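Colleague: Have a look at this one.
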């Protein structure tokens, strides 16, 4: 069952057109997922992240559901994900990343393709959970934070780290280049 995002009509748009180029669908084993409604080029901004920036103390007071759908913006800065981006699932072979309050394409994305993050990117909290991504490179589980990934995975994903993460962990990231 597919649910198309309903938004207000933007200037220059026809009534009924969606301002966001994605749809949300229900998936077996994953719950909901976000899918491209049009093609995207590598590096293209797909969505802009909006929400209230909160501290770690405030984040810890949020519901478990909100904590599971949160962006890390720094050591003491978080944001609860909004609609539709809170439904972007994990993949061991991601095609999108979060950078500077935007969701961007890691590579060309076709219409109908599910948008997926690697959940260890830009994350400080430690976790391990079963993975249902089904990608060719699926490990069967996902782990975080970033530095718990294998060196090979870290090198592959490092170009997609947000600027705050690079500033905070610059020395550790230099070790990946060696």
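The values are calculated or read from the model by the stated rules, or taken from the named source; none is laboratory data. These figures come from a predicted structure and were not determined experimentally. No Cβ is skipped: glycine too gets one built from the backbone with ideal geometry, and neighbour counts run over all protein chains shown.
Residues are listed down the side, and each one gets a yes or a no for (1) on the phi > 0 side of the Ramachandran plot; (2) in a helix (DSSP H, G or I); (3) in contact (Cβ under 8 Å) with a residue 24 or more places away in the chain:
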{"position": "104", "(1), (2), (3)": "no, no, yes"}
{"position": "129", "(1), (2), (3)": "no, no, no"}
{"position": "138", "(1), (2), (3)": "no, no, yes"}
{"position": "147", "(1), (2), (3)": "no, yes, yes"}
{"position": "159", "(1), (2), (3)": "no, yes, no"}
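Colleague: Out of the residues in the stretch 64-79 meeting the condition of being assigned to a strand (DSSP E or B) and within 12 Å of the chain's Cα centre (by Cα), tell me which one is surrounded by the fewest Cβ atoms within 10 Å (Cβ to Cβ).
Modeller: My answer is 70.
Matching residues to (1) touching a strand residue (DSSP E or B) at 6+ places or on another chain (Cβ under 8 Å); (2) over 23 Å from residue 79 (Cα atoms); (3) modelled with pLDDT under 95:
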{"residue": "103", "(1), (2), (3)": "yes, no, no"}
{"residue": "113", "(1), (2), (3)": "yes, yes, no"}
{"residue": "133", "(1), (2), (3)": "yes, yes, yes"}
{"residue": "136", "(1), (2), (3)": "no, yes, yes"}
{"residue": "145", "(1), (2), (3)": "no, no, yes"}
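Colleague: Go through the stretch 118-131 and report how many residues are modelled with pLDDT of 90 or more and in contact with a helix residue (DSSP H, G or I) (Cβ under 9 Å, 6 or more places away or on another chain).
Modeller: Matching residues across the stretch 118-131 total 3.
Colleague: Moving on to the next point. One residue is enough: does the stretch 85-102 have a residue meeting the conditions assigned to a loop (DSSP other than H, G, I, E, B) and over 29 Å from residue 175 (Cα atoms)?
Modeller: Residues of the stretch 85-102 that are assigned to a loop (DSSP other than H, G, I, E, B), as a first pass: 88, 91-95, 100-101.
Narrowing the set further to residues that are over 29 Å from residue 175 (Cα atoms) leaves 88.
Yes, because at least one residue in the stretch 85-102 is assigned to a loop (DSSP other than H, G, I, E, B) and over 29 Å from residue 175 (Cα atoms).
Colleague: Applying the selection to the stretch 118-127, what residues are part of a loop (DSSP other than H, G, I, E, B) and surrounded by fewer than 16 Cβ atoms within 10 Å (Cβ to Cβ)?
Modeller: From the stretch 118-127, those part of a loop (DSSP other than H, G, I, E, B) are 118-126; that's our starting set.
Of everything in the stretch 118-127, those that are part of a loop (DSSP other than H, G, I, E, B) and surrounded by fewer than 16 Cβ atoms within 10 Å (Cβ to Cβ) turn out to be 125, 126.
Colleague: Need the failing condition index for residue 52 against (1) surrounded by 12 or more Cβ atoms within 10 Å (Cβ to Cβ); (2) in contact with a strand residue (DSSP E or B) (Cβ under 8 Å, 6 or more places away or on another chain); (3) farther than 19 Å from residue 116 by Cα, just the number.
Modeller: (1)
Colleague: Closer than 20 Å to residue 34 by Cα, buried (at least 19 other Cβ atoms within 10 Å of the Cβ), over 14 Å from the mean Cα position of the chain (by Cα) and modelled with pLDDT of 90 or more, is that true of residue 109? Break it down stepwise before answering.
Modeller: Values: closer than 20 Å to residue 34 by Cα: yes; buried (at least 19 other Cβ atoms within 10 Å of the Cβ): yes; over 14 Å from the mean Cα position of the chain (by Cα): yes; modelled with pLDDT of 90 or more: yes.
Considered against the rule, which asks whether it is closer than 20 Å to residue 34 by Cα, buried (at least 19 other Cβ atoms within 10 Å of the Cβ), over 14 Å from the mean Cα position of the chain (by Cα) and modelled with pLDDT of 90 or more, residue 109 comes out as yes.
Colleague: Quick one: in the stretch 17-37, which of the residues that are touching a strand residue (DSSP E or B) at 6+ places or on another chain (Cβ under 9 Å) and in a loop (DSSP other than H, G, I, E, B) is modelled with the lowest pLDDT? Let's see the steps before the verdict.
Modeller: Filtering the stretch 17-37 for residues touching a strand residue (DSSP E or B) at 6+ places or on another chain (Cβ under 9 Å) gives 18, 20-27, 30-37.
Add one more test, that the residue is in a loop (DSSP other than H, G, I, E, B), and what stays is 18, 20-21, 30, 37.
Values: 18: 53, 20: 79, 21: 93, 30: 79, 37: 97.
Filtering first and then ranking leaves 18.
Colleague: Show the residue pairs meeting these rules: Cβ distance below 6 Å; 6+ apart or different chains; first residue within the stretch 161-178 and within 18 Å of residue 119 (Cα to Cα); second residue modelled with pLDDT of 90 or more and outside any helix (DSSP H, G or I).
Modeller: From the stretch 161-178, the pairs are 162/99.
Colleague: Criterion first (touching a residue at least 12 places away in the same chain (Cβ under 8 Å), loosely packed, with under 13 Cβ neighbours inside 10 Å, out of contact with any helix residue (DSSP H, G or I) (no Cβ under 6 Å at 6 or more places or on another chain) and outside any strand (DSSP E or B)) does residue 82 satisfy it?
Modeller: Numbers: touching a residue at least 12 places away in the same chain (Cβ under 8 Å): yes; loosely packed, with under 13 Cβ neighbours inside 10 Å: no; out of contact with any helix residue (DSSP H, G or I) (no Cβ under 6 Å at 6 or more places or on another chain): yes; outside any strand (DSSP E or B): yes.
No; evaluated as a whole, the condition is false for this residue.
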